[in-house]
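The values are calculated or read from the model by the stated rules, or taken from the named source; none is laboratory data. Keep in mind the model is a prediction, meaning the values are calculated, not measured. Virtual Cβ from ideal backbone geometry, glycine too; neighbours counted across all protein chains shown. For accessibility, only protein heavy atoms count, side chains too; no ligands or nucleic acids. Shrake-Rupley method; radii C 1.70, N 1.55, O 1.52, S 1.80 Å.
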Amino acid sequence: MADRSFLRWPFFDEHHRTLEAELKAWADAELPALIDHHDTDGTCKRIVKALGAAGWLKACVPAPYGGLHPTLDVRSLCLIRETLAYREGLADFAFAMQGLGTGPISLFGTEAQKRRWLPPVSRGEAIAAFALSEPEAGSDAAALTTTATPDGNEHVRIAGLKTWISNGGIADHYIVFARTGEAPGARGLSAFVVTPDTPGFSIVERIETLAPHPLATLRFDACRVPVENRIGGPGDGFKIAMATLDVFRSTVGGAALGFGRRALDEALDRSATRTLFGAPLADLQLTQASLAESEADIDTAALAVYRAAWTKDQGAERVTREAAIAKMIATEGASRVIDRAVQLHGGAGVRVGMKVEELYRDIRALRIYEGATDVQKIVIARQILKDRASASR
Ligand code: COS
C-alpha cells in the first residue's frame, strides 16, 4: 500500500486526512461496479452521478452553492484526484472536469450565475466542460479565433470550432472562450456559458485517444447566447482561463501522483513476488535502484503539488509559478515511475489488462493537457525573469 506519511506534512489539516480515508473506503467499495472500459461515456455519467450522490463533488464548488469550503480548497481537490486516480483514471477524469468546467464561475461568476450553474454540478446532476483549445490555438491560447459578436444588446453570436474538449458530447454546459475584440490578443477574449441545446451547436467529431475518455470537437454556428451568460467583464476571458488553470494545474499533479503511487505499488508487489535467478526480483540491486528512483520521484512530486495547493489555500493571489512547477514535476515524475514499473513487469507489463499497461496509457496525456510541460517551462522562466527584472530596478 502506498506510503501515507505525507498526510502528516504540515500542508494538511485533520479534515484532509478524514476526507482521504473516507474517500478511499468509498472508492474501493463503489467504483469497481461503475466501470466499463467499453463504454467510456456511460462510465463517466455513472461516476458523476455516484460522486454527486455521495457528496464528493462538493469539493468542486464553493460552500454557498452546494460546496464544501467557502472557496475552492485546492488541497482537497488534489487529494481527491490522487485517491481516485490511484484506482481508476476515468473516476479522476469525471471528478476533475466538474471542477474545471465550473472553475471560471466559482472564481469570477456573479451571484446569479453561481446559484444557477453550480448546485446541479455539485449534486452530480449536470456535467460541466471547459472549451478553450482550438485547432490552431492550443499552447498559444491567446491566438484563439472563435468569435462572440453582439446581436442586439442582450445577446452575442458565437461562431467557431473548439477541439480536444473533455466531456464534449456529454456535457450539460460548456464554458466557451471567444474573441470579443476589446483589444488585440489576450486582452480581447471573453468567457460565456453555452448549453448544447443552443441552435447552431454541434459535435463535429469524437476524438479517440490512447486512454479513451469523452473528448470531442465542437462547432458553434452563430449560436445565440445571452450576454448574462458572460463570466466576468468583456475582455477578461484570458485572465479567467489562466486563473482557473492556476487552480487546476496543481490538481493535474495530484492525479499524476495517484497514477504514480499505484505504479510503484504494482512494482513493489512484482519485485517481492517474482523469482528471478533463484531469488526475488527485489534482491537485485538494479531493481532496488529502480524502486528508489521511483520513490524519490513520487516524494518530490508530492512536495511540489501540496506546496502549490497549500500556497493557494493560504490566500495567495497568484500561484502561477508554483502550479506550473507542480504540474511539470508530478506529471514528468509519474511518467518515469510508470515506465519503470512496466519495465519491472517484463512482458507482462505491456499486456492488455495489466494495471501497469493501463497506467502507461493513462499518464501520457497529463504531460500535455492543461498546458504541456513545455508551456509550464515558459511560465516558470517568465516569472523568474520578471522577478529578477523588478528586483534589480
Ligand atoms: N492569472 C491571471 N492573469 C494572468 C495569468 C494568470 N495565471 N497568466 C497571464 N495572465 C495575464 C497577464 O498578466 C497578462 O495581463 P496584462 O495584459 O494585463 O499584462 C495577460 O494575461 C496576457 O498574459 P501573457 O502575456 O503571459 O499571455 P501569453 O499569450 O504570452 O501566454 C502562455 C502564454 C503560454 C502562458 C499561455 O498561453 C498558456 O498558459 N498556454 C497554455 C494554455 C493551456 O493550458 N491550454 C490547454 C487548454 S485547457 S485543457
> For Lys312, which lysines qualify as cross-link partners when the Cα separation must be under 29 Å and same-chain residues fewer than eight apart are set aside?
Replying inline: Lys24, Lys49, Lys58, Lys114, Lys239, Lys327, Lys377, Lys386
> When only Cα pairs under 8 Å and 6 or more residues apart are kept, what is the percent relative contact order across the chain?
Replying inline: 15 percent
> What is the range 1-154's relative contact order, in percent, from Cα pairs under 8 angstrom and six or more apart in sequence?
Replying inline: 22 percent
>> Taking the full set of protein chains and a 1.4 angstrom probe, give the accessible area of Arg249 in square angstrom, rounded to the nearest 10.
In response: 20 Å²
> Roughly speaking, what is the stretch gain from Val227 to Thr373, that is 0.36 nm per residue apart minus the C-alpha to C-alpha distance, in nm to one decimal?
Replying inline: 49.0 nm
>> Could you tell me how far the Cα centroid of the range 277-354 sits from the Cα centroid of the range 160-178, in Å?
In response: 31 Å
> Mean residue ellipticity at 222 nm from the helices of the chain, using -39,500 (n - 2.57) per DSSP H segment of n ≥ 4 over the full residue count, to the nearest 500 deg cm²/dmol?
Replying inline: -17000 deg cm²/dmol
>> Compute, for the range 96-214, the length of the dipole vector about the Cα centre, with Cβ point charges of +1 (Lys, Arg) and -1 (Asp, Glu) only. Units Debye, rounded to 20.
In response: 280 debye
> When the Cα centres of the range 23-99 and the range 197-240 are compared, how far apart do they sit, in Å?
Replying inline: 23 Å
> How do Arg340, Arg17 rank by accessible surface area computed with a 1.4 Å probe, from largest to smallest?
Replying inline: Arg17, Arg340
> Rounded to two decimals, what is Rg over Rh for the range 236-383 when you use alpha-carbon atoms and the Kirkwood radius?
Replying inline: 1.08
> Going by the alpha-carbon gyration tensor, a ≥ b ≥ c the square roots of its eigenvalues, is the range 316-393 rounded (a/c under 1.5) or, if a/c is not under 1.5, prolate (a/b greater than b/c) versus oblate?
Replying inline: prolate
> Based on the Cα coordinates of the range 64-180, what is the per residue volume of their convex hull in Å³?
Replying inline: 128 Å³
> Sorted by average packing, counted as other Cβ atoms within 10 angstrom per residue and highest first, what order do 251-264, 33-46, 133-146 take?
Replying inline: 251-264, 133-146, 33-46
>> About the Cα centre, and with charges only on the beta carbon of Lys, Arg (+1) and Asp, Glu (-1), how big is the dipole of the range 284-348? Nearest 20 debye, please.
In response: 180 debye
>> Which of Ala222, Ala309, Ala292 ends up with the largest GNM mean-square fluctuation for the chain, with Cα atoms connected below 10 Å?
In response: Ala292
> Which translational diffusion coefficient, to the nearest whole µm²/s, is obtained for the chain from the Stokes-Einstein equation, given a Kirkwood hydrodynamic radius over C-alpha pairs, 10 °C and 1.306 mPa s?
Replying inline: 74 µm²/s
> Just how many % of Cα pairs in the range 1-135 lie over 20 Å apart, if you round to the nearest whole percent?
Replying inline: 45 percent
> So for Phe277, Phe108, what's the accessible-area order with a 1.4 Å probe, most first?
Replying inline: Phe277, Phe108
>> Rounded to the nearest 20 debye, what is the charge dipole size of the chain about its Cα centre when +1 sits on each Lys and Arg Cβ and -1 on each Asp and Glu Cβ?
In response: 680 debye
>> Quick check: from the Cα gyration tensor, does the range 112-168 come out rounded (a/c under 1.5), prolate or oblate?
In response: oblate
>> Between Arg123, Arg206, Arg81, where does the largest GNM mean-square fluctuation fall for the chain, given springs only between Cα atoms within less than 10 Å?
In response: Arg206
> Of Leu210, Leu84, Leu276, which is the most mobile in a GNM of the chain whose springs link Cα atoms less than 10 angstrom apart?
Replying inline: Leu276
> Which whole-number value in Å² is the accessible area per residue of the chain, probe 1.4 Å?
Replying inline: 44 Å²
> Once Rh for the range 236-306 is found with the Kirkwood sum over Cα pairs, what is the Stokes-Einstein diffusion coefficient at 10 °C and 1.306 mPa s, in µm²/s?
Replying inline: 112 µm²/s
>> Which one, Val121, Leu132, Gly160, projects farthest toward the positive side of the charge dipole computed for the range 55-191 from Cβ point charges (K/R +1, D/E -1)?
In response: Val121
> For the pair Gln285 and Thr110, what calculated FRET efficiency results from E = 1/(1 + (r/R0)^6), where r is the Cβ-Cβ distance and R0 = 56 Å, to the nearest 0.05?
Replying inline: 0.35
> Of the heavy-atom accessible surface of the chain (probe 1.4 angstrom), what whole percent is carbon and sulfur?
Replying inline: 54 percent
>> As an exercise, take the mean of 1/r over every pair of distinct alpha carbons in the range 1-71, invert it, and state the Kirkwood radius in angstroms.
In response: 14.0 Å
